[in-house]
Amino acid sequence: MSEHFDVTAGATDEPARANGGNEPMLIRPGSGRDGAGLGAARGFSANGGVGHQSLFDKLRAGLRPVDVDGERLYVAEGDTLLTEAELQVYADEREQRERLWSAIGAASDVGLGTEPLARSRGLVVQTQAGRIVRWKPGSVLSYRVARNTFPDQQSYDLVVAGMQKATRDWELTCGCDFRHRAELDQRPESGALGAVFWVRYYDSGGAFLAAAFFPNDPRSRWHVLIDPTLFTQTTFDRVGIFRHELGHVLGFRHEHIRKGAPPACPDEPTYDAKNVTVYDPQSVMHYFCGGIGSRELRITELDRSGSQQVYGPPLGQLAFVDDGA
Ligand SMILES: [Zn+2]
């Protein structure tokens, strides 16, 4: 989650430094792990002209880098962290999509019906090799909030309370189960320490408000990063930001990556993505951009319907029968 989305803004040579941790960072499975990606389309400029600099080069030069646990990551679309290899796939996909849209536009101009191609269909989920990515049924998504990474008790308490509320909101929405393992919070080591993921304070220099992970990210990245600006910003409801980040943790992509979103919304490649509901400008996964979206980041009816397609109804609505095995 980020307050601003201009990919050329905030470019800096000096990345923020992570505190602690030394796990090697790997790249997201299913997103071109060797960087070969979808076939590089060099020489295409984002504004439609004939450029001599690839989109990858432009993004790499313009996106803000952060160093997390010794690995350089690029902050795309507000809160999506990509390694250089992932950024290559991202840029290639975006160039291909821009060419597709331009072809759709040209076909429309000559009267060919292209509506089915351009139609948007809803809450976007992460996929891998054509399959929807989700946590295994019965998974308890336990987490710790690493107290010693926070500068004071008050910011830690705010995060604990915000996570409590946001995880509850998702548990009332679809069949997921989060658990705060508070007994691990005071431990000084870095890492999840037996929980599934950990929540840590991380000063990115305002590169994002918070950043999370997808279920198919490498385990070394199963953390939610909280930037100091989360506590000072007044644009978004703070619990809403946690709801949004937890949506990523459940495998949901940004709603505004769809074709139906306003052009002012940050673009993002839709590789490994699948729409499960109609376009929902009020989605918890939609940024406030192009004059629409929500500063409250509430979970909407369409989010509910889309997330239940993936996770089923809230576990509290089910009566489980033991098979005796
Ligand atoms: Zn996001």
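The values are calculated or read from the model by the stated rules, or taken from the named source; none is laboratory data. Bear in mind the structure is a predicted one, so any value in this text is a computation, not a measurement. All Cβ positions, glycine included, derive from the backbone under ideal geometry; neighbour counts span all protein chains shown.
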- Task: Starting from residues that are in contact with a Pro (Cβ under 7 Å, 6 or more places away or on another chain) and within 11 Å of the ligand (Cβ to nearest atom), keep the ones in the range 69-94 and report whichever is farthest from F56 (Cα to Cα).
- Result: G78
- Residues in the range 218-239: is at least one within 25 Å of Q317 (Cβ to Cβ) and either crowded, with 17+ Cβ neighbours inside 10 Å or not aliphatic (A, V, I, L, M) (or both)? yes
- Message: Suppose the filter is of a type outside the set (A, V, I, L, M, F, W, C), away from the ligand (no atom under 16 Å from the Cβ) and at pLDDT below 80; does R60 pass it?
- Response: no
- Note on the structure: From the option list E268, E245, E255, E301, single residue qualifying as within 11 Å of the ligand (Cβ to nearest atom), within 18 Å of V125 (Cα to Cα) and at pLDDT 80 or above is E245
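Yes/no matrix, rows are residues, columns are (1) touching a His at 6+ places or on another chain (Cβ under 8 Å); (2) at negative phi; (3) modelled with pLDDT of 95 or more:
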residue: L123; (1), (2), (3): no, yes, no
residue: S142; (1), (2), (3): yes, yes, yes
residue: R147; (1), (2), (3): no, yes, yes
residue: Y156; (1), (2), (3): no, yes, yes
residue: D169; (1), (2), (3): no, yes, yes
residue: F178; (1), (2), (3): no, yes, yes
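To keep it simple, each residue is scored yes or no on (1) in the same structural domain as E296 (by TED's automatic domain parsing); (2) exposed (fewer than 14 other Cβ atoms within 10 Å of the Cβ).
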| residue | (1), (2) |
| --- | --- |
| Q126 | no, no |
| G130 | no, yes |
| R147 | yes, no |
| M163 | yes, no |
| A166 | yes, no |
| E171 | yes, no |
| A192 | yes, no |
| S204 | yes, no |
- What's the number of the condition F214 fails, among (1) more than 20 Å from V125 (Cβ to Cβ); (2) surrounded by fewer than 24 Cβ atoms within 10 Å (Cβ to Cβ)? (1)
